Amino acid sequence: MKGEQTTSFGWLGIFFDMRYAMGSVLGLNEEFEFKDFFFQGKALDENLEYPSLQQLKNSFHKISPLVYQKLLEASDEDLTKAFPMGMNIEFFPENTLNFIGMCIGREDYLCGQIGLMRRILNYEGMKYDFDENMKY
C-alpha cells in the first residue's frame, strides 16, 4: 500500500462502510462499491490495490445526504421495526433505531481512532472544518 493507505485509511473505509449500513437499514439500495475491502472491519491487505482517498470521499458524499434525508423522513414506526443483531440482551431492543445508534457510536469511535493514529504517525490532528454548502 502506498502513501495515504495507512492504518487510518483502513478505519476510514470502515467508517464509510458503516454509513452505507445505516443507509441499508433505512431502506436505501445503495451499495458501497468498495465494501469488499472494508466490510465488518476487515484488516488491510498490503497485497491489494485500494481505492484512492478521493474515491472514498466521493462515495461518502454520495451516501451521506441520502442517509440524512432518510433519517429526517423516518417515522417512529420505521425506527422501532425489528432489526435482529444477534446480541440477545434482554434490555436492548434489536430494532432499527438501536442499530442506527450503534452505527453512529461506531463512526464516533472510528473518528477517535483515526485522530489518534494521525498523531502517532506525526500527521496533523483531526479537524472539523465547517462547510456551509454541505446540507447533511
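Between amide H atoms placed 1.01 Å from N, distances below 5 Å from Asn95 occur with Phe83, all of them 5 or more places distant or on a separate chain. Here the translational diffusion coefficient of the chain follows from Stokes-Einstein with Rh set to the Kirkwood radius across Cα pairs; for 4 °C and 1.567 mPa s it amounts to 80 µm²/s. In the chain, with Lys and Arg counted as +1 and Asp and Glu as -1 at Cβ, which of these residues, Met22, Leu72, Gln55, has the Cα nearest the positive end of the dipole, that is, farthest along it? Checked the options; the winner is Gln55. Between the alpha-carbon centres of region 81-136 and region 25-75 there is a gap of 13 Å. Using the average count of surrounding beta-carbon atoms within 10 Å as a protection proxy, the listed peptides 61-69, 86-94, 124-132 rank, highest first, as 61-69, 86-94, 124-132.
Across region 81-89, rounded Karplus estimates of 3J(HN,Hα) from the backbone phi angles (6.51 cos²θ - 1.76 cosθ + 1.60, θ = phi - 60°) give 4, 4, 9, x, 10, x, 7, 6, 10 Hz, Gly and Pro being marked x. Here the relative contact order of the chain, from alpha carbon pairs under 8 Å that lie six or more residues apart, stands at 30 percent.
When the alpha-carbon atoms of region 52-105 are used, the pair Rg, Dmax equals 14.2, 42 angstrom.
Taking the Cα centre of region 29-85 as origin, work out the dipole magnitude from +1 charges on Lys and Arg Cβ and -1 charges on Asp and Glu Cβ, in debye rounded to 20.
With only Lys, Arg, Asp and Glu charged at Cβ, the dipole is about 140 debye.
Close amide H pairs (under 5 Å, H built 1.01 Å from N) link Leu26 with no residue at least 5 positions away or on another chain. Greater than 24 Å separation of Cα atoms is the criterion. Which listed pairs, Lys35/Lys62; Lys35/Lys57; Lys42/Lys70; Lys35/Lys70, meet it? Beyond 24 Å between Cα atoms: Lys42/Lys70.
Values in this text are rule-based calculations from the coordinates and carry no lab data. Bear in mind that the values here come from a model prediction, so they are computed numbers and not experimental data. Counting neighbours? That spans all protein chains shown, and the Cβs are built from the backbone with ideal geometry, glycine included.
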